[in-house]
Amino acid sequence: MDLALQKKIRKESLKYFKKAGVVLTEEEKENKLQIFDYGTGDFFKVGLIIVNFINTSRYCGKYLLFFPRQSAAEHFHPDVEDNKGKEETFRVLWGTAYAYIEGEPTKNIKARIPEGLENGFMVRKEVILNAGEQYNVKLHEKHWWQAGPEGAVVLEVSSTSRDLYDVYTDKNLNFKIY
Ligand code: ZN
C-alpha cells in the first residue's frame, strides 16, 4: 500500500474516532493507527484500523474501526503453547456491526459477502450489534465481521493478542499491517 493512501486512510479514520467520542493522544494519532490490510487490493472492502493501546502477557485492549461495509476476514484464535486461544469481547461504541459466528446460518444476512472472496466468509450465524451492544467470542470460535452502512467503532477487550497465530479460513487472506 503506498504512502499517500496510508496517509489518506489514517486521516479519514480520525473522523470516525471523533464521531464515536474516542479520544486518542497525539502520540497515538501519529504512531498507533495501524492499517490492517488483507492484501485484496481494496482495503476499504476487507481491512480495518486498529489502535492497540495495551497488550501484555495477560490481557489486551484495542479500538477497532471498520469503514462503511468494511469486513474483517474469518479466523479463529488457536492455543499457542501453554496459552489458551485468545478470547475476545467486541463492544460497539458507534455505528452498527454485523458479527458472524458458527451455528445455524441466518437467512438473508445483512452483510454483503465480498465478491470473489466467499471462502474467507463461511460462517453465517448473524448477530447484529448496535452501539452499546457486545458479543463475546467463544474459545476457538470462528468469526468475521462487517460494518453497517455508516461504519463502526468498536472496543475490543481480550486476553493477550498474538495476531501472527490467528488462523484464517481462506489462507489467501493473510494480513499485513501498515
Ligand atoms: Zn478474532
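The values are calculated or read from the model by the stated rules, or taken from the named source; none is laboratory data. Given the structure is predicted, the values throughout are model-derived calculations rather than measurements. Every residue, glycine among them, receives a Cβ derived from its backbone with ideal geometry; neighbour counts consider all protein chains shown. With ligands, DNA and RNA removed, areas are computed over all heavy atoms of the protein, side chains included. Shrake-Rupley method; radii C 1.70, N 1.55, O 1.52, S 1.80 Å.
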#### Entry: Residue check, GLU88 acidic (Asp, Glu), within 16 Å of the ligand (Cβ to nearest atom) and touching a Lys or Arg at 6+ places or on another chain (Cβ under 7 Å)
no
### Query
Can you find a residue in region 105-124 that is open to solvent by 20 Å² or more (accessible area, probe 1.4 Å) and either within 11 Å of the ligand (Cβ to nearest atom) or part of a strand (DSSP E or B) (or both)?
no
### Query
Can you name the condition, by its number, that THR25 falls short on among (1) closer than 23 Å to ASN172 by Cβ; (2) without any contact (Cβ under 8 Å) to a residue 40 or more places away in the chain; (3) among the hydroxyl-bearing types (Ser, Thr, Tyr)?
(1)
## Note on the structure
Within region 55-69, of all residues that are over 14 Å from ASP163 (Cα atoms) and open to solvent by 10 Å² or more (accessible area, probe 1.4 Å), the one nearest to the chain's Cα centre (by Cα) is TYR63
### Task
Please verify whether region 139-154 includes one or more residues that are within 15 Å of the ligand (Cβ to nearest atom), closer than 27 Å to TYR59 by Cα and surrounded by fewer than 16 Cβ atoms within 10 Å (Cβ to Cβ).
yes
### Message
Take the residues in region 2-39 that are of a type in the set (A, V, I, L, M) and either open to solvent by 60 Å² or more (accessible area, probe 1.4 Å) or part of a helix (DSSP H, G or I) (or both); name whichever of them is nearest to PHE121 (Cα to Cα).
### Response
ILE9
#### Entry: Number of the exception - ASP42 against (1) part of a strand (DSSP E or B); (2) open to solvent by 20 Å² or more (accessible area, probe 1.4 Å)
(1)
### Query
What do you reckon, is GLY85 farther than 16 Å from HIS143 by Cβ and open to solvent by less than 10 Å² (accessible area, probe 1.4 Å)?
no
